[in-house]
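Participant: Have a look at the structure that comes next, please.
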Amino acid sequence: MAVISSETIPVTSEPDIVFVRRRVRETAAQIGLSLVDQTKVVTAASELARNTLIYGGGGAMQLESLNGPRLGVRLTFSDNGPGIPDIQLALRDGFTTGSGLGLGLGGTKRLVNEFAIESKVGQGTKIIITRWK
Amino acid sequence: MEKIPILRMGDFLLVTIQVDMHDRLAMALQDDLTQKISETSARGVLIDISSLEIVDSFIGRMLGNIAAMSRVLDAQTVVVGMRPAVAITLVELGMSLPGVRTALNVDAGMELLRESLNGHEGIRHGSNF
Ligand SMILES: Nc1ncnc2c1ncn2[C@@H]1O[C@H](COP(=O)(O)OP(=O)(O)OP(=O)(O)O)[C@@H](O)[C@H]1O
Ligand SMILES: [Mg+2]
């Protein structure tokens, strides 16, 4: 598998979330994802970017387009925030420690083809998602 | 700070969301609309989201809040123009927008508001999801 392009975008403010959405949209369109799949991956990115900002205290997103054998877009969100103590619980629809609906993580998982979380309490969280063409 | 304009059309308020809103702008719209409904005694609110390329859990929650608040102020909210790709994604995300009425476009939304304000029974809920 080859990485065709890679860029890192900071996620430290609300306008950054808007920029994340725009860049993910452009990249997803570039590799030829269908409109529905573009919409899914942009929505997933929006959810994870907001979590990174609100719960992670800010961080960054790495945006990569992939080739081999299929085209795809891979997003890696990382922060050095408090971490997620119970990942299974956090993934459950309706679970929130904030004022959200608790749909972000579980919903994101449904919107992408691959989803991985690494999180250590006191150290931070890294979430990697991929949507293939 | 920029604001989303709210147009008054007789008894109704019309909001056309044309930009990719950051979260605070969405929150401000929620507050402005509540204020405007009570100021103008509007009976209906149409929110046109046909320009929105995505609706995530935050915007979904905002739409639900606006619908709930307008109800308390004796007004009805109809969200119009959701793109098909957005609708598909919202459902998969797990947001069914409970309590939010939807219509295909502004005309259909207006019709829906008029009908329900005229006290017709059997309001069409067909386009809800
Ligand atoms: N980057 C992160 N760092 C620390 N905790 C996180 C992070 N992302 C998510 N969480 C935890 O997981 C919970 C669930 O997240 P999820 O996105 O599913 O829901 P939410 O953000 O609370 O609400 P919604 O996304 O529906 O607005 C959060 O409430 C938070 O406790
Ligand atoms: Mg969230």
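Participant: May I ask you to evaluate 6.51 cos²θ - 1.76 cosθ + 1.60, the Karplus curve with θ = phi - 60°, for each residue of the range A:29-45 and list the ³J(HN,Hα) values in order in whole Hz, giving x for glycine and proline?
Facilitator: So the J values, rounded to whole Hz, are 5, 4, 7, x, 4, 5, 4, 5, 5, 4, 4, 5, 6, 5, 5, 4, 4.
Participant: To continue, here is another question. For B:VAL91, tell me the accessible area in Å² from a 1.4 Å probe, rounded to the nearest 10.
Facilitator: About 90 Å², rounded to the nearest 10.
Participant: Next up: Amide H to amide H under 5 Å from B:VAL45: which residues, 5+ apart in sequence or cross-chain, H placed 1.01 Å off N in plane?
Facilitator: B:LEU13, B:GLN76, B:THR77, B:VAL78
Participant: Going out from 0 in 10 Å bins, what whole percent of all Cα-Cα distances in the range B:1-54 drops into each bin?
Facilitator: Taking every Cα pair in the range B:1-54, the percentages come to 24, 55, 20, 0.
Participant: Still on this structure, please answer the following. Counting partner chain Cβ atoms within 10 Å of every residue's Cβ in A:29-42, what's the average? Intermediate values should be presented prior to the final figure.
Facilitator: On the way: counts 0, 0, 0, 0, 0, 1, 6, 8, 2, 4, 12, 6, 2, 6.
Taking the mean over all residues of the peptide, I get 3.
Participant: For A:43-50, what's the mean count of beta carbons from other chains sitting within 10 Å of each residue's beta carbon? Kindly include the intermediate steps, with their values, before the conclusion.
Facilitator: Values: counts 13, 5, 2, 8, 4, 0, 1, 4.
Mean number of neighbouring Cβ atoms from other chains: 5.
Participant: Excluding same-chain residues fewer than 8 positions from B:LYS3, which lysines have a Cα within less than 30 Å of its Cα?
Facilitator: Once the sequence-local lysines are set aside, what remains near B:LYS3 is A:LYS40, B:LYS36.
Participant: Report ³J(HN,Hα) in whole Hz for each residue of the range B:77-90, in order, from the Karplus equation J = 6.51 cos²θ - 1.76 cosθ + 1.60 where θ = phi - 60°; Gly and Pro get x.
Facilitator: 10, 10, 9, 10, x, 4, 5, x, 5, 5, 4, 4, 5, 4
Participant: Below 16 Å, Cα to Cα, which lysines can A:LYS126 reach? Residues fewer than 8 away in the same chain don't count.
Facilitator: A:LYS109
Participant: What is the Å³ per residue value for the convex hull set by the Cα atoms of the range A:2-132?
Facilitator: Working: hull volume 12.5 nm³, N = 131.
In the range A:2-132, the Cα hull volume divided by residue count equals 95 Å³.
Participant: Take B:LEU7, project a point 7 Å from its Cα along the Cβ direction, then tell me which residues of the range B:43-83 have their backbone nitrogen under 15 Å from it.
Facilitator: B:45-51, B:80-81
Participant: In Å and on Cα atoms, what radius of gyration and Dmax does the protein assembly as shown show?
Facilitator: According to the Cα coordinates of the protein assembly as shown, Rg and Dmax are 19.4, 62 Å.
Participant: Among A:65-78, B:75-88, A:86-99, how do they line up by average Cβ neighbours within 10 Å per residue, starting with the highest?
Facilitator: Peptide ranking by packing, descending: B:75-88, A:65-78, A:86-99.
Participant: Within a 10 angstrom radius of each residue's Cβ in B:16-22, how many Cβ atoms of other chains show up on average? Whole number is fine.
Facilitator: Details: counts 0, 0, 0, 1, 8, 2, 8.
The per-residue average across the peptide is 3.
Participant: Restricting to Cα atoms and excluding each atom paired with itself, what does the Kirkwood estimate give for chain B in Å? Let's see the in-between values first.
Facilitator: Details: mean 1/r = 0.0684 Å⁻¹.
By the Kirkwood definition, the hydrodynamic radius is 14.6 Å.
Participant: Less than 12 Å Cβ to Cβ from A:VAL112, Lys/Arg counted +1 and Asp/Glu -1: what total charge do the surrounding residues give?
Facilitator: Neighbour charge sum, excluding A:VAL112 itself: +1.
The values are calculated or read from the model by the stated rules, or taken from the named source; none is laboratory data. Just so it is clear, the structure is predicted and the values come from calculations on it, not from any experiment. All Cβ positions, glycine included, derive from the backbone under ideal geometry; neighbour counts span all protein chains shown. Side chains are part of the model used for accessible areas, which takes the heavy atoms of the whole protein and leaves out ligands, DNA and RNA. Shrake-Rupley method; radii C 1.70, N 1.55, O 1.52, S 1.80 Å.
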